[in-house]
């Protein structure tokens with residue numbers, strides 16, 4: 001199993017780097033934005049950002065999913081697939097924006113609970129930008145041009161930062177400044193990308209090809225939308241039931257939990273190629289079980305760290321009026337980790353080809369999320385939303401587990417999983433109940449509790465004898481470096497001999513990764 005774990009840790013770096021960079025910058029700018037934006041302004045902007053992603057899923061009509069499938073089909077022409085996809089998304093985005101613009105006022109009232117047509121108009125323009133920018137960057141992925149993907153993404157972030165700061169800080173445009181900075185610079189980059197790919201694009205789709213693509217892509221949209229709704233509906237409900245200021249606090253809690261998102265993103269990119277490259281079913285079952293166990297251990301450790309240090313993190317990265325977000329940080333981090341485990345089960349489901357079971361699970365999660373938010377928001381505030389998020393993902397996980405175990409049983413290590421989760425829960429409970437949340441001394445104690453997580457695993461006899469040997473090796477940096485170098489040499493030799501990994505990444509999974517990037 002160690003070979004699979006090493007491969008998992010060493011793949012996906014190029015695409016992950018762009019996501020990590022954008023998320024780190026988003027957190028780094030919080031001290032500035034939270035001092036020039038009220039919680040209500042920040043909440044309004046974040047609700048609109050999330051709404052744009054959700055609307056983009058609808059108007060894409062599954063075309064991006066179909067692009068990822070049809071581009072590699074031997075009986076289709078790749079250039080025709082790219083051209084038809086662009087034409088479809090260009091006109092879908094343009095028509096959607098033109099139809100929505102006259103209704104900017106009602107749209108803002110529906111989403112925010114207050115009328116702000118100017119903000120809604122910027123968001124509607126952003127819908128066009130987001131839809132096309134996502135597609136144009138996907139073309140780089142189709143061509144496996146990771147450097148170009150990273151360069152354009154990095155350049156976009158570096159240009160967006162000063163423009164947004166100028167609009168928010170200097171021009172004092174508030175929530176509009178946040179949206180205008182993001183979508184205004186995004187519009188420029190869309191034009192640049194269109195010019196760059198111009199020889200492959202068209203404005204008239206191949207109708208026969210489009211029909212085939214739509215028959216594949218449209219059925220994927222409900223599951224995709226329902227899954228994204230789990231991270232979107234709660235903000236709308238908070239805005240309408242508690243106000244935009246509370247939505248701003250909840251959005252800040254989501255930003256603080258970005259450390260989990262970064263790890264989740266890297267795992268999402270690395271796991272599917274590994275999972276689909278294992279052709280033997282029994283070997284795949286053992287590998288999936290080991291990967292899940294160690295990923296849960298990593299997530300438990302990170303969640304423990306974020307949960308116990310959240311009060312200090314929020315004080316550092318946010319203005320005092322945003323401190324109310326601190327209570328939601330821990331549960332939101334846990335919800336993000338559960339989402340990652342769901343993605344593992346989605347890969348298992350993809351191996352069987354029975355992805356139709358995905359939608360019932362995510363739909364049940366959405367319904368659970370809505371019901372629990374309606375019940376808990378008036379009582380617990382934004383903590384109720386965070387708890388609802390965790391409960392919703394648990395519902396999704398239970399259903400996905402039932403479906404996947406019927407189709408492709410995996411012998412998960414339940415005792416070891418319970419030990420890892422239990423150790424984290426005990427440490428978090430101890431820190432939250434017995435250790436204050438202010439001052440250097442309490443921070444030091446909480447950090448000691450975080451550091452005690454590996455010791456807790458040792459005490460509970462979590463590690464197997466072979467894992468203990470690997471831990472001893474990890475204590476020797478020279479030995480670790482030598483093994484990494486040997487693994488790279490073997491991978492290079494395999495590639496030269498034609499022994500390459502199969503890239504069987506499911507289209508729904510790939511697009512969900514894109515949506516997750518857009519959330520931040």
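The values are calculated or read from the model by the stated rules, or taken from the named source; none is laboratory data. Just so it is clear, the structure is predicted and the values come from calculations on it, not from any experiment. Cβ: placed from backbone, ideal geometry, glycine included. Neighbour counts: every protein chain shown.
Among the conditions (1) at pLDDT below 95; (2) touching a helix residue (DSSP H, G or I) at 6+ places or on another chain (Cβ under 9 Å), the only one that residue 75 does not satisfy is (2).
For region 227-236, the criterion of being within 25 Å of the chain's Cα centre (by Cα), at pLDDT below 95, in a helix (DSSP H, G or I) and within 29 Å of residue 144 (Cα to Cα) is met by at least one residue. If you filter region 204-224 down to residues that are surrounded by 21 or more Cβ atoms within 10 Å (Cβ to Cβ) and assigned to a helix (DSSP H, G or I), you find that the one that is modelled with the highest pLDDT is 213.
Of the set (1) buried (at least 19 other Cβ atoms within 10 Å of the Cβ); (2) closer than 16 Å to residue 233 by Cβ, all apply to residue 374 but (1).
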